[in-house]
Each structure stands twice: as C-alpha cells, then as structure tokens.
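The values are calculated or read from the model by the stated rules, or taken from the named source; none is laboratory data. Please read all numbers here as calculations on a predicted model, not as lab measurements. So basically every Cβ, Gly included, is an ideal-geometry build from the backbone, and we count neighbours across all protein chains shown.
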Amino acid sequence: MREAEIYLDAAPEMPYVTSEQMTGNQLRQLRLAHDLTQQDLAAEIGITREAVSMWERRKGKLTLRSFRDVHRAIRTLIEKRERKTA
C-alpha cells in the first residue's frame, strides 16, 4: 500500500495533506475513517491518548516526526486488521 492510499481510500473527500497542512480535525477524520480510537492510535505510536486528543483539538503541535508516526501507525493498524480478517 502506498502512503497516499491511506488518505485517499480512507476519506476520498479529504485530499492528501502534508504535516504542515493537517489540522486536528483532519487527523480526527482520518482516524475515524479507519474506525480507530484515540487510544488505538496512541498505543501504536507509544504516546498517551491525551497527546492524540491535544493534536486533534490543536492544543499540541503535530510535528513532522509526529505526522510520520501517525501515518505509520494508521497504516500498521490497518494492515493488522486486514490480516485478522483474511
């Protein structure tokens, strides 16, 4: 799966975005499009649920490294889910 596919397949109405463009609301939409909780995402990244909540509420800065971690975590969680259902 190419990186951009996660965004395009998850929410066709939401174009592929960069870390500088991603808003907390877009992060939330992406997470929900894949039926993931804040806790699911936080656990995969190795952070607290509160940190994910802060990103989504734009109370915390989503750095380029954090953006990459989020992207990787969502992709990993999707792949794990697909293996379970296969």
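Tabulated results
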| read-out | value |
| --- | --- |
| Whichever residue in segment 37-86 is in contact with an Asp or Glu (Cβ under 7 Å, 6 or more places away or on another chain) and β-branched (Val, Ile, Thr) and, among such residues, is farthest from GLY24 (Cα to Cα) | THR76 |
| Residue match in segment 24-44 (condition: of a type in the set (Val, Ile, Thr) and at pLDDT below 95) | no |
| Matching residues, segment 41-81, being charged (D, E, K, R), crowded, with 18+ Cβ neighbours inside 10 Å and out of contact with any Ser or Thr (no Cβ under 8 Å at 6 or more places or on another chain) | GLU56 |
| Pairs where the first residue, in segment 21-49, is on the phi > 0 side of the Ramachandran plot and the second is part of a helix (DSSP H, G or I) and of a type in the set (Asp, Glu), C-beta under 9 Å, 6+ apart | GLY46/ASP69 |
